[in-house]
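The values are calculated or read from the model by the stated rules, or taken from the named source; none is laboratory data. Given the structure is predicted, the values throughout are model-derived calculations rather than measurements. All Cβ positions, even for glycine, are placed from backbone atoms using ideal geometry, and neighbour counts span all protein chains on display.
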Amino acid sequence: MKASTIRQLWCIVEESAGNTLMSLNDSELVTQLLQKLDAKHPLSSEDWYLMKNYLSSRTLLIREIAQYNSQNSLYLAVI
C-alpha cells in the first residue's frame, strides 16, 4: 500500500458528506470508501484487502472526522 493511496483515501473521507458517512454501518462505510477510492485510484486485490483492514481499524476516526465536517458545514451555512 503506497502512501499516495492512503493520502487519496483521507482526501475522500474529507470530501464525503459527513451525514452520509454517519448514517452507514461500519461495513457499509468501509465498502463505500473503498469503492470511491477504487474509482479514483484502481486497487489491486492485495491493496483492496490491505485497505479494507486499514479502514476497518479506523472507522471511529472516520466517524469523528465526518461528524466534525458535518457540524462545520452547518456552522458555515449559518454564517
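Overview of results
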| read-out | value |
| --- | --- |
| Residue in segment 43-54 that is modelled with pLDDT under 95, part of a helix (DSSP H, G or I) and either among the aromatic types (Phe, Trp, Tyr) or under 11 Å from the mean Cα position of the chain (by Cα) (or both) present | no |
| Residue match in segment 62-72 (condition: assigned to a helix (DSSP H, G or I) and either within 20 Å of MET1 (Cα to Cα) or in contact with a Pro (Cβ under 7 Å, 6 or more places away or on another chain) (or both)) | yes |
| Residue among ASP38, ASP26 that alone is surrounded by fewer than 16 Cβ atoms within 10 Å (Cβ to Cβ), modelled with pLDDT of 95 or more and touching a helix residue (DSSP H, G or I) at 6+ places or on another chain (Cβ under 6 Å) | ASP26 |
| Where GLY18 falls short, out of the listed (1) modelled with pLDDT of 90 or more; (2) surrounded by 13 or more Cβ atoms within 10 Å (Cβ to Cβ) | (1) |
